Amino acid sequence: MGKRGPAPKPHAVRVLEGTHKYKTRSRSVKAPITTGIPQPKCMKLTRAEKAIWKEVTQMLSTVTGLAADIDALAIASLCEAVAEFQQARDEIKRDGATCVSEKGGSYQHPAVGRKNKALERMRYLMARFGMTPSDRASMEVATPTSPSPGGTAGAGGRFAAFIESQMAAAGPN
């Protein structure tokens with residue numbers, strides 16, 4: 001049987017939320033092994049995944065201590081999920097969301113299932129890094145006064161705009 005209760009939050013997230021007090025069961029501060037932008041050494045990334053990697057790590061680097069080199073595999077998994085989502089979305093645009101069997105019945109295109117599974121993985125991994133609105137709502141992060149080059153304030157805004165553009169391009173199923 002697995003561990004009970006919610007997963008423990010990283011120290012950087014607890015500091016941002018203002019709840020960085022030491023807990024009785026864990027008296028040591030668990031800091032990342034290294035800081036800065038993680039490098040994709042753990043996985044072979046495709047060209048599309050590398051472009052997504054640059055975008056995601058740039059956004060994660062705006063919050064000090066949130067991502068470290070040890071998180072490279074999780075970030076690579078997020079990049080893989082986003083690339084798979086984009087690929088399935090493009091396949092659905094090209095072929096349609098349904099297929100017709102030899103007997104004349106229609107069924108869901110296999111890419112629809114792949115897209116939905118990739119979206120589930122994206123949501124899960126984005127929540128782990130505080131990239132969803134509900135996760136950011138619990139954090140008290142000071143937003144910059146001037147907009148960032150992405151057009152909206154903060155990393156969450158740029159990532160949200162990126163995801164919204166991907167969802168808008170996908171259109172309804």
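The values are calculated or read from the model by the stated rules, or taken from the named source; none is laboratory data. Since this is a predicted model, take the numbers as computed values, not measurements. Note that each Cβ is placed from the backbone with ideal geometry, even for glycine, and that neighbours are counted across all protein chains shown. The protein model used for the area step is the full one, side chains on, heavy atoms only, and it has no ligands, DNA or RNA in it. Shrake-Rupley method; radii C 1.70, N 1.55, O 1.52, S 1.80 Å.
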- Query: In region 25-36, is there at least one residue being over 19 Å from the mean Cα position of the chain (by Cα), open to solvent by less than 40 Å² (accessible area, probe 1.4 Å) and modelled with pLDDT under 90?
  - Reply: yes
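Based on what the data block shows, is residue 151 of a type outside the set (S, T, N, Q), farther than 20 Å from residue 16 by Cβ and either surrounded by 14 or more Cβ atoms within 10 Å (Cβ to Cβ) or at pLDDT 75 or above (or both)? Lay out the reasoning, then the answer.
Working: of a type outside the set (S, T, N, Q): yes; farther than 20 Å from residue 16 by Cβ: yes; either surrounded by 14 or more Cβ atoms within 10 Å (Cβ to Cβ) or at pLDDT 75 or above (or both): no.
No: the conditions fail for residue 151.
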- Message: So the check is Cβ under 8 Å with 6+ separation or different chains; which pairs have a first residue in region 119-135 that's within 17 Å of residue 85 (Cβ to Cβ) and without any contact (Cβ under 8 Å) to a residue 12 or more places away in the chain and a second one that's small (Gly, Ala, Ser) and part of a helix (DSSP H, G or I)?
- Response: 127/134
- Out of all the residues in region 92-108, is one or more modelled with pLDDT of 95 or more, open to solvent by 40 Å² or more (accessible area, probe 1.4 Å) and either closer than 29 Å to residue 60 by Cβ or in contact with an Asp or Glu (Cβ under 8 Å, 6 or more places away or on another chain) (or both)? no
